[in-house]
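Contents: one structure, followed by commentary.
The values are calculated or read from the model by the stated rules, or taken from the named source; none is laboratory data. Source: prediction; values computed, not measured. Don't worry about glycine lacking a Cβ; one is built from the backbone with ideal geometry, like all the others, and counts go over all protein chains shown.
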Amino acid sequence: MTMATTLARCLSNKQSRFDTVRHPYSPSSMSTAQAAHIPGDRLAKTVLLEDDSGYIAAVIPSTHHLKLSELCEQTGRKLSLAHENGVREVFRDCDLGAIPPVGMAYGTQTWLDDSLLTHPDVYFEAGDHQELVHMSTGQFIDLMVDARRGHFAHRMM
């Protein structure tokens with residue numbers, strides 16, 4: 001699989017400057033960081049959440065744990081992890097577990113944890129388990145301009 005069509009269109013529409021990093025197949029964000037030889041705190045991990053009002057994509061560093069209670073407080077919603085069918089429904093052109101952070105390009109409200117923005121660059125899934133998008137943090141901020149920002153993730157290690 002190559003880059004997800006929706007992501008490619010979003011990057012093009014935003015005139016984003018980026019490069020891609022190929023890596024051996026990896027099933028999780030932490031193994032992806034290792035396989036791609038990149039710092040895990042620069043790899044964005046997207047978690048899809050849901051409630052009766054719909055979906056929210058939460059974007060955090062792969063080295064962090066989502067504090068669901070904090071995000072629920074910030075959003076004013078009673079969120080839980082989305083079921084696998086929901087992930088497939090929203091991110092139709094992506095492999096399960098390899099979803100990019102641009103939930104808004106998929107019609108989903110997106111929340112970005114500020115801790116991801118403390119480094120000079122960011123990496124994120126391109127829609128499969130073998131390619132990452134890499135861009136400067138400035139470009140990432142421009143790409144994610146429609147995302148809401150907050151602090152709802154805490155370092156695991």
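Points worth noting:
- The one condition from (1) β-branched (V, I, T); (2) within 16 Å of the chain's Cα centre (by Cα); (3) surrounded by fewer than 21 Cβ atoms within 10 Å (Cβ to Cβ) that V59 does not meet is (3).
- If only residues of segment 17-38 that are surrounded by fewer than 17 Cβ atoms within 10 Å (Cβ to Cβ) and assigned to a loop (DSSP other than H, G, I, E, B) are counted, the one that is modelled with the lowest pLDDT is P27.
- The numbered conditions (1) modelled with pLDDT under 95; (2) charged (D, E, K, R); (3) not in a helix (DSSP H, G or I) are all true for D41 except (3).
- Every residue from segment 120-143 that is within 22 Å of D93 (Cβ to Cβ), touching a helix residue (DSSP H, G or I) at 6+ places or on another chain (Cβ under 8 Å) and in a loop (DSSP other than H, G, I, E, B): A126, G127, H129
- The residue pairs whose first member lies in segment 93-122 and is farther than 13 Å from R149 by Cα and touching a residue at least 60 places away in the same chain (Cβ under 8 Å), whose second member is among the acidic types (D, E) and surrounded by 22 or more Cβ atoms within 10 Å (Cβ to Cβ), and whose beta carbons are closer than 9 Å, counting only pairs six or more residues apart or on different chains, are C94/E125; D95/E125; G97/E125; P100/E125.
- Any hit, segment 48-66, residues being of a type outside the set (V, I, T), under 24 Å from L143 (Cα atoms) and assigned to a loop (DSSP other than H, G, I, E, B): yes
- Residue satisfying condition, being farther than 12 Å from E125 by Cα, in contact with a Lys or Arg (Cβ under 8 Å, 6 or more places away or on another chain), exposed (fewer than 14 other Cβ atoms within 10 Å of the Cβ) and at pLDDT 95 or above, within set S80, S53, S69: S53
- Residue check for V102: surrounded by 14 or more Cβ atoms within 10 Å (Cβ to Cβ), over 20 Å from S31 (Cβ atoms) and in contact with a Leu (Cβ under 8 Å, 6 or more places away or on another chain): yes
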